[in-house]
Amino acid sequence: MKKRYLPFGYQITDGKTTIVQEEAEAVQYIFEEYTAGKSLRKIAEGMTTRKTPYHEDTQKWNQNMVSRVLANEIYCGNEKYPPIITETQYRVVEKFRQRKAQTYSTVLQPFRQDMQCGCCGERLYWRPKTEQWFCRQCGMWTKPIQEKELSDAITIKLEWTQRHSEVIRSPTTQRNVQSIKAAKLAREIQTDLLETEPNADALIAKILRRAELEYEFCSAGDADPATMQIRKACAEYDLTDGFPYTFYKEVVSKVILYRDTHIEVRLQNGQIV
């Protein structure tokens, strides 16, 4: 593949840098599409369809080519290069680029560590350049998916779960015989009893609280604590605009992502919806 010694959109004519009309129109297209909200991948696909080659030996565009065009301030014009776009266009695009660079990790932050491979169950890792998730264990790569698109898909799944909370059920395996809080108090009580002179009032308070927790737990029937927590969150939480971070943390354990970007969520009780 031949290297470009001049930026895309320009050529040398009679010793001067001049505009290549077809390429200049492609530059304008790229800036307009990006300003309209198109992703680098979608713009690259559009450029490939236009058949205006970035390199002489290929008409196929990729995200890196599009990104280099968007990042090049030369297109505003200077002493050597005539302008193809306005400075205002460039500044607007540059603000968009900076905002995306700053916010993509914020968008993924609530669930990035929870992404699970739909093929082998191991953790998935994000590749921002290609907008794909991949598994180091089995080598699976998902189809490209924008971080906002994935966040919206998880939000929709959470909203569905809340509206259909009747599908939430306790795991079929044997449940715990006591709640986590009760077990913690039991350990504290055992530790206090080993002291030479335990605080009687504090010890009695812990024993009574443990009994109260065990009663609540037993009266819940077949529901384990995690299932109870999920049902409680579904009943009490008001979903708002944006990603429902608090509800997600109370309800979800893992987000299972498949090669075709279909998702499932593993709830805190192990149930998959």
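Before moving on, here are some points about what is shown:
- Calculated P(r) tail over 31 Å for the chain, as whole % of Cα pairs: 52 percent
- Checking every one of the GluC sites (Glu not before Pro) in the stretch 28-133 against DSSP loop status and a limit of 14 other Cβ atoms within 10 Å picks out 56, 79, 122.
- Secondary-structure-derived ellipticity at 222 nm for the chain, considering helices only, amounts to -15000 deg cm²/dmol, per-run term -39500 (n - 2.57) for DSSP H runs with n ≥ 4.
- Arranged from fewest to most other beta-carbon atoms within 10 Å of their beta carbon, 97, 210 become 97, 210.
No lab work stands behind these numbers, since they all come straight from the coordinates. The structure presented is a predicted model; accordingly, all values stated were derived computationally and were not measured. In this analysis, Cβ positions are derived from the backbone assuming ideal geometry, glycine residues included, and neighbour counts consider all displayed protein chains.
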